[in-house]
Amino acid sequence: MRTIPVTLRDMVQLGLYGENLQTFVDHYEEKFNAISIDGFEFAPTSLNYSFAQMLSKVGATVLPTYVDPESEGYEMPLGAVEGKTGNIPTQKLYYSVNRVIVREQMQLVQRFGEAALDDEMADVMFGLLDEGTDGLIQAFWNALNHQRHQVVSKGEFTINATNNPRGYKGVTIGFNMPAANKDVLTGTARWWTNEAHTTEGSASDPIEYLKTRVKAIRRTLHYSGPLKMEISQDLWDDMLTHSKVLSRLASYLYRTIESDTVRLNAIKDLDEDAYKEAMRKIIKVDEIVIRETYAYVAKPGVNADGEPDLIQERIDNFDPKNVVFIPTGNLGKIQGVQPISMGYDPEKIAYAMGNRLLIEQEDVPRTHSINVNGEMAQLCVPNAIRNMYISTVTV
């Protein structure tokens, strides 16, 4: 029986069905192009790892001045503009194609020769590459989504042991949010006074607080444009169990019913959209958006068998203690660089996400492994931070 030597490169090419890596990665563009980072658009890639933030606060548009026909007009006051710069952090992640399956396929080729390099084996290799590449690209999109929600719900982006357990820590990127834009409830004014959200603050009234907060944003902080409220799914769900919220919504939606008990029973059958629309009208915002609460990171730990292993840990995307009010529409730009690919084998690299994500294959013959590495340096930079408002309402 004739056998042939086979390399990891042969196995990769079989799974690519004759395409190069870039063409293979391009197939994912249609799927991932449908993803958007709400409020943030991609800026053109830069040549250096720095971001530049231009902050503008547009004042109220004043009336023109009445003058006689021969007189000059008066200058219109414009919002102040200032800048901020900083460094864009780099993120890396890779997946390893299942080495057990790769080794098994290589042994089949070694034993049976070219006959083993059939469509069935190609499908096996394609499946491994497809699953990993799809997940790798998704992971980097998830990273931008996490950045967006952290920036919006906290006014800054922090890299720490929670969201970066295996990398560097202790880095906070601030974006010049004015101190007056943040409000923190304390004592019994907090919606709940314990982390489990089982003990309501005796002085708390969530809907009345939100209504007053919106009024202050417009009257005291002088924001006059369309306003959107954002809140995490967990905080929203808990808020709809708060006794003051239920009572207020019941009175608003069933004002013709005199009995409090009957009103409270009636709202139990309403769906989330009905609650959201009623609250939107009461507090006077243009939109209420409920954000997903969780992301996941991998960190060193112990698996179910008690062995040291990488484990998945759930973390917060949107801060579950905060309610935010932001302008509708554009909030800022996603700024970053195109990672350097010089020095790599051209056949083993590809770009995705508009040249923002570098994908590189690494063959590891010693362990019969194929690693696919991803690298990205992009940051959500808010330019509307002067018109973003955060309320911390619970512990």
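The values are calculated or read from the model by the stated rules, or taken from the named source; none is laboratory data. Being a predicted model, the structure only gives us computed values, none of them experimental. Glycine also receives a Cβ, built like all others from the backbone with ideal geometry; neighbour counts cover every protein chain displayed. When the accessible area is computed, the model is the full protein with side chains, heavy atoms only, and any ligands, DNA or RNA have been set aside. Shrake-Rupley method; radii C 1.70, N 1.55, O 1.52, S 1.80 Å.
Observations
- Boolean, Ile326 is surrounded by 15 or more Cβ atoms within 10 Å (Cβ to Cβ) and over 25 Å from Trp141 (Cα atoms): no
- Applying a threshold of 6 Å to beta carbon distances and a minimum spacing of six or more residues, or different chains, the list of pairs starting in the range 108-130 at a residue that is more than 23 Å from Glu360 (Cα to Cα) and ending at one that is open to solvent by less than 80 Å² (accessible area, probe 1.4 Å) and of a type in the set (Ser, Thr, Tyr) reads Gln110/Thr3; Gly113/Thr3.
- Scanning the range 351-388 for residues that are assigned to a strand (DSSP E or B) and open to solvent by 40 Å² or more (accessible area, probe 1.4 Å) yields a total of 1.
- Restricting attention to the range 142-155, the residues that are open to solvent by 10 Å² or more (accessible area, probe 1.4 Å) and under 8 Å from the mean Cα position of the chain (by Cα) add up to 5.
Let's see how each residue does on (1) out of contact with any His (no Cβ under 9 Å at 6 or more places or on another chain); (2) among the basic types (Lys, Arg); (3) closer than 28 Å to Asn145 by Cα:
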site	(1), (2), (3)
Met229	yes, no, yes
Leu240	yes, no, yes
Lys244	yes, yes, no
Arg280	yes, yes, yes
Leu331	yes, no, yes
Val337	yes, no, yes
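- Taking the conditions (1) crowded, with 18+ Cβ neighbours inside 10 Å; (2) part of a helix (DSSP H, G or I) in turn, Ser251 satisfies each one other than (1).
- For the range 284-304, the tally of residues that are open to solvent by less than 50 Å² (accessible area, probe 1.4 Å) and at pLDDT below 95 stands at 6.
- Of all residues in the range 267-283, none that is at pLDDT below 95 has its Cβ atom under 8 Å from the Cβ atom of a residue that is of a type in the set (Gly, Ala, Ser) and surrounded by fewer than 13 Cβ atoms within 10 Å (Cβ to Cβ), 6 or more apart or on another chain.
- When Gln233 is tested against (1) more than 22 Å from Asp183 (Cα to Cα); (2) within 28 Å of the chain's Cα centre (by Cα); (3) open to solvent by 20 Å² or more (accessible area, probe 1.4 Å), only condition (1) is not met.
- Subset of the range 136-185 [more than 30 Å from Ala34 (Cβ to Cβ) and of a type in the set (Val, Ile, Thr)]: Val171, Thr172, Val184
- For Thr162: the one exception among (1) open to solvent by 60 Å² or more (accessible area, probe 1.4 Å); (2) out of contact with any Asp or Glu (no Cβ under 9 Å at 6 or more places or on another chain); (3) touching a residue at least 40 places away in the same chain (Cβ under 8 Å); (4) not in a helix (DSSP H, G or I): (2)
- A Cβ distance below 7 Å, combined with a sequence gap of six or more or placement on separate chains, defines the contacts here; from the range 337-350, residues that are open to solvent by 80 Å² or more (accessible area, probe 1.4 Å) reach residues that are acidic (Asp, Glu) in the pairs Tyr344/Glu360.
- Breaking point among (1) in contact with a Gly (Cβ under 8 Å, 6 or more places away or on another chain); (2) in a loop (DSSP other than H, G, I, E, B), for Val152: (2)
- Residue count, the range 88-121 (criterion: under 24 Å from Gln138 (Cα atoms) and either open to solvent by less than 80 Å² (accessible area, probe 1.4 Å) or at pLDDT 75 or above (or both)): 13
- Checking the range 338-358 against the condition returns no match, with no residue being under 20 Å from Ser232 (Cβ atoms) and either in contact with a strand residue (DSSP E or B) (Cβ under 9 Å, 6 or more places away or on another chain) or of a type in the set (Asp, Glu) (or both).
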